[in-house]
Amino acid sequence: MSAVPHEVTLARPFQLGAGAQRALIRIATGVVLLVAWELLVRYFAPPFVARPVTVARALPHVLANHLPPGTPTFWGAAGATVTAAFEGLAIGLLAGVLVGLTMGRLRTADRLLRFYVSAFFAMPIIALVPVMTLWFGYTGTVRLAIVSLGAFLPVCLNVYDGTRSLPAHYVEVARSYHAHWWNVWFGIALPASLPYLLAGFRLAVGRVLVAAVIAEYIVSLKGLGYFILYDGRTFHQPEMMVAVLFLALLGVVVNAAADVATRRLLPWYRRSE
Amino acid sequence: MSAIEARAPKPRLIAPRSVAGVLVPLVGLAIGAGIWELVGRHTQAASFAPFSATVKALWSMTRSGELPRALESSLQLFGAGLGFAIVIGFFGGLVLARVRVLRVGLEPYILMLYATPMVALIPFILSLFGFEFRAKVIVVTLFGVWPILINTIEGARSVSADLLEVARSYRSTEPKLWRHVIIPYTLPYTMTGIRQGIARSLVGMLASEYLLAATGLGNLILIYTQRFDTAHVLAAVLVITLLATLLMAIGRAIENYFARWKAGV
């Protein structure tokens, strides 16, 4: 495992530079993309395929829950997915911080667990969804388990990396003031690895959404994944697209929140370049 | 660039020097296999299989040719999807880095797609492209392309002005500038993107095997789960884990190789 947080390096989203001109270019590009989507689908795809006009028409119906009887409701589905995602994030965050700190501070724990954590981190955890249906039945527990695991791994690895790159003199100073081990763990190592923790959190958000949707597809749970699958199969693509857009929005908003949190909570943290 | 990024990693020894550094991980693996065996023996065969049964299943699937065929099919899908992702991400990234209007215009949409869980689009892709190999390759590419694209743009934009000035002052032509300065400078960034793309493409591979035409390793997992044959399911999961670990190690090695090159620039 390297000491680099497992996250992509991105341009800071939505940076306001030479304001109006940028905004204009972006809106124009958006319009071009939408028109291209509309025309391509209208003339080259089967009539049931979603295009911007039909999605826009479906949007108010979906948001107001005016759907054909028997179909899953949008807000019920969104609530179920978002709740499971946040529960999983909370569990994964807590467990990830504890295990990551332990591995970072105790060499034996590191050596015992490193192999498992990095193997599980590398593998696509959705491989475990089918076998989890044998363990937990076709229930929401499968989704919660897979989502928690998806959040746990990146957080754990990043906290571990952050703790490992703790400058040694921090610990030396603390020791010379008779700090207890818990002071070092939670008073020094944890705050020092917060930037890593946030990087892990951002990665966790993406994994959690993918894991939740896949679990809902396979287990047929009430949620956005099942909503998408159901509407896709019953040729209600515009309704389906609303749910896809909601998921995209969710990903963007949580990532932006993590960005703001980094700037607000960690003003002392500057990128080294 | 994201607000969060690692500081320069401290070089750490890959090979543990002490005896404990070799022994303890082995003990850890042995404990893991032991727990697996014990849990497997004390639960119903339909929910968990012991380690020994899993190894036996692995062996029988290998001998019957079932596993090699599945592995080959999965790797073809993964390779094709990742290949397209690399080509599109790299060349698309270079173009976007160079053409300001396109970059500024597309940036928010690219970031949005990067944050979207691509699995949500699988039913849409199914309706447009069917469920055969072509559709699955598109899914894998859609999973893998974004980090490659974003990192390439980032790399191509951060070529140092000094390098460009020196090249220009030696009357370097535009194609030569690209070949000798911009592309070599960008490659390490692209490699970071490719490493991340490998992990995401693997998820895409499995997701498309689950949800479109069932083939390869994903199909193995699905059919043996339906038969409540946990030994075979766990064997397939084990193979995927080993494959993923191997691919990530390769990705990391390539990335480190190019990072050294970058440090030398």
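Readers should treat all values here as calculations from the given coordinates under stated rules, not as data from a laboratory. As the structure is a computational prediction, the values presented were derived from the model and not from experiment. We place every Cβ from the backbone using ideal geometry, glycine too, and count neighbours over all the protein chains shown.
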Round to the nearest 10 and give me the degree value, 0 to 90, for the angle of helix A:19-44's Cα axis relative to the longest principal axis of chain A.
50
Residue among B:67, B:46, B:19 farthest towards the positive dipole end of chain B, charges placed on Cβ
B:19
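Roughly how big is the stretch A:58-265's charge dipole about its Cα centre, with Cβ charges of +1 (Lys, Arg) and -1 (Asp, Glu), in debye to the nearest 20?
So the magnitude is around 500 debye.
Suppose every Lys and Arg Cβ carries +1 and every Asp and Glu Cβ carries -1, with no other charges. What dipole size does the protein assembly as shown come out with about its Cα centre, to the nearest 20 debye? Kindly include the intermediate steps, with their values, before the conclusion.
Working: 45 positive and 24 negative charges, 228 e Å.
The calculated dipole for the protein assembly as shown is roughly 1100 debye.
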Tell me which of B:186, A:232, A:217 sits at the most positive position along the dipole axis of the protein assembly as shown, charges placed on C-beta atoms (Lys, Arg +1; Asp, Glu -1).
B:186
Over all residues in A:127-140, what is the mean tally of Cβ atoms on other chains that come within 10 Å of each residue's Cβ?
5
Residues of type aspartates and glutamates that residue A:222 reaches as a straight line, Cα spacing below 14 Å, ignoring anything fewer than 8 places off in the same chain:
A:231
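Provide a whole-number value for the mean count of partner chain Cβ atoms within 10 Å of the Cβ atoms in peptide B:99-108.
Details: counts 0, 1, 3, 2, 2, 9, 10, 5, 9, 10.
Mean shielding by partner chains, rounded to a whole number: 5.
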Give the angle, between 0 and 90 degrees and rounded to the nearest 10, that separates the Cα long axis of helix B:51-63 from the longest principal axis of the Cα atoms of chain B.
70
By its C-alpha gyration tensor, with a ≥ b ≥ c as the square roots of the eigenvalues, how is chain A shaped: rounded for a/c under 1.5, else prolate for a/b larger than b/c, else oblate?
oblate
Please say if the protein assembly as shown is rounded, prolate or oblate, where rounded means a/c under 1.5 for a ≥ b ≥ c the square roots of the C-alpha gyration tensor eigenvalues, and otherwise the choice is prolate for a/b larger than b/c and oblate otherwise?
rounded
With n ≥ 4 as the cut-off for DSSP H runs, can you work out [θ] at 222 nm for the protein assembly as shown, using -39500 (n - 2.57) per run divided by the number of residues, rounded to the nearest 500?
-25500 deg cm²/dmol
Mean per-residue count of partner chain Cβ within 10 Å for A:76-89 equals 0
Helix B:230-264 against the longest principal axis of chain B: what's the angle in degrees, Cα atoms only, rounded to the nearest 10?
20
When the charge dipole of the stretch B:95-159 is computed with +1 on Lys and Arg Cβ and -1 on Asp and Glu Cβ about the Cα centre, the Cα farthest towards its positive end, among B:133, B:146, B:115, belongs to B:146
